[in-house]
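Trainee: Have a look at this one before I ask anything.
The values are calculated or read from the model by the stated rules, or taken from the named source; none is laboratory data. Being a predicted model, the structure only gives us computed values, none of them experimental. FYI the Cβ positions are ideal-geometry reconstructions off the backbone, even for glycines, and counts take in every protein chain you see. Heavy atoms of the whole protein, side chains included, go into the accessibility calculation; ligands, DNA and RNA do not. Shrake-Rupley method; radii C 1.70, N 1.55, O 1.52, S 1.80 Å.
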Amino acid sequence: MGTGSEKQRTGSECGQRNSADYLSCFSSTYLVIKAGLRIRAKKYQQTRVVVNIGISGNITLMKSFNFTLLTKDRKTSARRGVLETPHGRIETPIFMPVGTHAAMKAMTPRQVADCNAQIILCNTYHLHLRPGEALVEKAGGLHRFMAWDGPILTDSGGFQVFSLPNKRITEDGVFFRHEITGEEIFLDPAKAMAIQEALGADIIMAFDECIPYPCDKSYASRSTRKTLRWAEECKKAHTRRDQALFAIVQGSIFEDLRAMCARELVQMDFPGYAIGGVSVGEGLELLKKVVEFTAPHLPEDKPRYLMGVGLPEDILESVERGMDMFDCVIPTRYARSATLFTNRGRIRLTSRKYRRDFYPVEPNCTCYTCTNFTRAYLHHLFVSNEVLSAILASIHNVHFYLNMMAEVRTAIEEGRFSEYKNNFLSQYDKGGK
RNA sequence: GGAGGGAUUCCCGAGUGGCCAAAGGGAACAGACUGUAAAUCUGUCGUCGGACGACUUCGGAGGUUCGAAUCCUCCUCCCUCCA
């Protein structure tokens with residue numbers, strides 16, 4: 001950028017390359033002219049052309065955030081949609097890899113893009129702590145700072161309310177005590193919004209309290225009301241119109257609380273809704289129930305994001321129940337401890353039985369790892385504690401997840417989601433672990 | 001030739017009379033991980049059996065003692081220093 005040369009990108013470089021059909025009818029062109037004039041033209045399905053012109057650094061014309069529901073599965077609640085953001089389109093259902101500290105662990109942005117990632121996650125709390133949102137803003141925003149051109153979603157820090165020790169939760173916000181630095185961090189709705197606006201992600205999340213499981217109903221009820229109040233405060237504090245603010249439904253495992261929370265949030269009218277407070281140890285059966293009785297309260301024409309989920313089986317069950325977006329640290333975290341996903345289940349590459357296994361991790365996989373390396377080699381890397389083990393394993397796991405999502409989308413389009421899911425799970429369970 | 005130091009369970013290494021099957025670390029093996037306090041954490045790690053227990057271990061052989069990895073004697077091997 002800034003060399004005066006023309007730079008052209010295809011849709012595939014913007015993180016949109018799962019479906020050949022869409023690839024062929026979508027392209028986006030950036031023209032960068034010496035004076036800093038930026039012209040952006042985007043064609044979508046040959047029917048609509050949006051041209052934004054802005055002076056670089058000063059005026060940026062807003063691209064609207066838009067969700068289109070393309071197809072609904074006949075037998076289940078599975079949905080196929082498209083989410084348009086200022087940094088590109090997202091085909092749903094989608095899995096969003098997690099790069100908490102403005103970095104995917106053990107992967108370069110290019111490797112993440114090569115795995116067909118469309119959008120990634122970063123974290124408000126962690127980036128506020130280090131390097132601080134002011135610095136990220138000075139660096140030109142999160143996208144430029146971390147060299148990721150595609151859409152980004154920032155989580156609000158609500159999950160840290162659940163996961164971190166040494167915190168004090170009040171009616172107005174949360175005091176965190178940083179374990180290493182000893183620093184005290186205070187987050188409330190207004191602050192979470194200010195930080196996320198400075199970071200500049202495409203989708204930002206309301207500040208909520210992720211309720212632990214198990215939890216008695218009276219606490220869940222009080223906490224859920226607080227999350228509702230905080231959502232309203234977030235909405236008031238949110239000023240950047242090029243960012244979509246998603247609200248988060250809490251309510252633990254209680255149907256009436258979830259319904260109440262969803263209804264009230266929908267009344268406040270957000271561009272997207274998340275179900276939070278799951279994947280906190282409740283297990284797949286309860287997760288299914290929660291999604292089943294919460295999703296129907298969410299509007300059809302808005303994206304639905306199931307936070308922190310999960311394992312492949314969790315995602316498939318939740319797609320079936322009408323969820324569109326997922327994120328989870330599992331593919332990357334598991335990769336670093338040698339657990340890899342295959343069509344026949346998870347395998348642990350540190351296991352001695354892979355020492356002389358000269359097959360790819362997943363023979364049908366087209367990822368960089370599987371097309372170039374054997375299980376024996378990865379076993380060797382893990383046993384030798386080589387950094388490359390984490391890289392190759394992460395590439396495979398992220399690719400595996402995103403490939404599964406691409407197959408899910410195609411299956412929904414072709415009206416055979418249930419068959420796909422059943423087929424996947426029967427094969428997957430057979431060789432599990 | 002003389003003087004001194006040492007040999008511990010796969011490896012490194014603590015232990016100097018009972019609380020020792022023997023600290024700690026590593027390796028090995030197994031497991032966990034769901035909006036990342038995470039290249040992290042947990043378990044097993046002499047043998048046999050369920051915890052409890054039984055049996056065999058601290059270079060080798062004897063001895064002292066109710067009791068020895070620990071004390072004594074001799075032997076083997078290794079290291080350092082002086083000739």
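Condition check ((1) open to solvent by less than 30 Å² (accessible area, probe 1.4 Å); (2) under 19 Å from A:Pro331 (Cβ atoms)) across all residues:
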{"site": "A:Ala103", "(1), (2)": "no, yes"}
{"site": "A:Thr108", "(1), (2)": "no, yes"}
{"site": "A:Val112", "(1), (2)": "yes, yes"}
{"site": "A:Glu133", "(1), (2)": "no, no"}
{"site": "A:Glu137", "(1), (2)": "no, no"}
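Trainee: Let me ask you something else. Give region A:173-189 a look and list any residue that's within 11 Å of RNA strand B (Cβ to nearest atom) and either in contact with a Cys (Cβ under 8 Å, 6 or more places away or on another chain) or open to solvent by 10 Å² or more (accessible area, probe 1.4 Å) (or both), or say none.
Mentor: Restricting attention to region A:173-189, the residues satisfying the condition of being within 11 Å of RNA strand B (Cβ to nearest atom) are A:176-181.
Scanning region A:173-189 gives A:Arg177, A:His178, A:Glu179, A:Ile180, A:Thr181.
Trainee: Which one is surrounded by the fewest Cβ atoms within 10 Å (Cβ to Cβ), of the residues in region A:238-268 that are within 14 Å of RNA strand B (Cβ to nearest atom) and assigned to a loop (DSSP other than H, G, I, E, B)?
Mentor: Among those that are within 14 Å of RNA strand B (Cβ to nearest atom) and assigned to a loop (DSSP other than H, G, I, E, B), it is A:Ile253.
Trainee: I've got another one for you. Taking A:Ala259 as the residue in question, decide whether it is more than 20 Å from the chain's Cα centre (by Cα) and more than 19 Å from A:Met323 (Cβ to Cβ). Quick ask: steps written out before the conclusion?
Mentor: Values: more than 20 Å from the chain's Cα centre (by Cα): yes; more than 19 Å from A:Met323 (Cβ to Cβ): no.
Spelling it out, it is not the case that A:Ala259 is more than 20 Å from the chain's Cα centre (by Cα) and more than 19 Å from A:Met323 (Cβ to Cβ).
Trainee: Taking only pairs six or more apart or across chains, which ones have beta-carbon atoms under 8 Å, a first residue in region A:155-169 that is closer than 9 Å to A:Cys210 by Cα, and a second residue that is of a type in the set (Asp, Glu)?
Mentor: A:Gly158/A:Asp208; A:Gly158/A:Glu209; A:Val161/A:Asp208; A:Val161/A:Glu209; A:Phe162/A:Glu209
Trainee: Further question: Please determine whether any residue of region A:191-211 is of a type in the set (A, V, I, L, M, F, W, C), open to solvent by less than 30 Å² (accessible area, probe 1.4 Å) and modelled with pLDDT under 95. Please lay out each step first, then the result.
Mentor: Pass one, region A:191-211, residues of a type in the set (A, V, I, L, M, F, W, C): A:192-195, A:198-199, A:201, A:203-207, A:210-211.
From what's left, open to solvent by less than 30 Å² (accessible area, probe 1.4 Å): A:192-193, A:195, A:198-199, A:201, A:203-207, A:210-211.
Retained after the next criterion (residues that are modelled with pLDDT under 95): none.
The answer is no, given that none of the residues of region A:191-211 is of a type in the set (A, V, I, L, M, F, W, C), open to solvent by less than 30 Å² (accessible area, probe 1.4 Å) and modelled with pLDDT under 95.
Trainee: So A:Gly310 ticks every box in (1) open to solvent by 10 Å² or more (accessible area, probe 1.4 Å); (2) assigned to a loop (DSSP other than H, G, I, E, B); (3) within 14 Å of RNA strand B (Cβ to nearest atom); (4) not aliphatic (A, V, I, L, M) but one. Which box is left unticked?
Mentor: (1)
Trainee: Would a scan of region A:83-95 turn up a residue that is basic (Lys, Arg) and open to solvent by less than 10 Å² (accessible area, probe 1.4 Å)? Write out each step before concluding.
Mentor: Let us first name the residues in region A:83-95 that are basic (Lys, Arg), namely A:89.
Restricting the remaining residues to those that are open to solvent by less than 10 Å² (accessible area, probe 1.4 Å) gives A:89.
Yes.
Trainee: Of these, A:Lys138, A:Lys167, which one is among the charged types (D, E, K, R) and at pLDDT below 95?
Mentor: Values: A:Lys138 fails: at pLDDT below 95.
The conditions single out A:Lys167.
Trainee: Among all residue pairs at least 6 apart or on different chains, which show Cβ distances below 7 Å where the first residue, located in region A:120-142, is under 20 Å from A:Lys105 (Cα atoms) and of a type in the set (A, V, I, L, M, F, W, C) and the second is open to solvent by 10 Å² or more (accessible area, probe 1.4 Å) and in a helix (DSSP H, G or I)?
Mentor: Note: pairs meeting the criteria are A:Leu127/A:Glu133; A:Val136/A:Phe145; A:Val136/A:Ala198.
Trainee: Considering only residues that are more than 15 Å from RNA strand B (Cβ to nearest atom), open to solvent by 10 Å² or more (accessible area, probe 1.4 Å), closer than 19 Å to A:Asn116 by Cα and of a type in the set (A, V, I, L, M, F, W, C), which ones fall in region A:324-369?
Mentor: Of everything in region A:324-369, just one residue is more than 15 Å from RNA strand B (Cβ to nearest atom), open to solvent by 10 Å² or more (accessible area, probe 1.4 Å), closer than 19 Å to A:Asn116 by Cα and of a type in the set (A, V, I, L, M, F, W, C), namely A:Cys365.
Trainee: Shifting gears a bit: Using beta carbons and a limit of 7 Å, which pairs, at least six apart or on different chains, have the first residue in region A:269-286 and within 18 Å of A:Leu257 (Cα to Cα) and open to solvent by less than 10 Å² (accessible area, probe 1.4 Å) and the second one near RNA strand B (Cβ under 7 Å from one of its atoms) and charged (D, E, K, R)?
Mentor: Qualifying pairs under 7 Å: A:Gly276/A:Asp208.
Trainee: Right, something else. Please count how many residues of region A:140-162 are more than 18 Å from the chain's Cα centre (by Cα) and more than 24 Å from A:Arg89 (Cα to Cα).
Mentor: The first filter runs over region A:140-162 and keeps only residues more than 18 Å from the chain's Cα centre (by Cα), leaving A:140-141, A:144-145, A:161-162.
Those still in the list that are more than 24 Å from A:Arg89 (Cα to Cα) too: A:161-162.
So the answer is 2.
Trainee: Which of the residues spanning region A:387-430 are crowded, with 20+ Cβ neighbours inside 10 Å, over 20 Å from the mean Cα position of the chain (by Cα) and polar (S, T, N, Q)?
Mentor: A:Ser389
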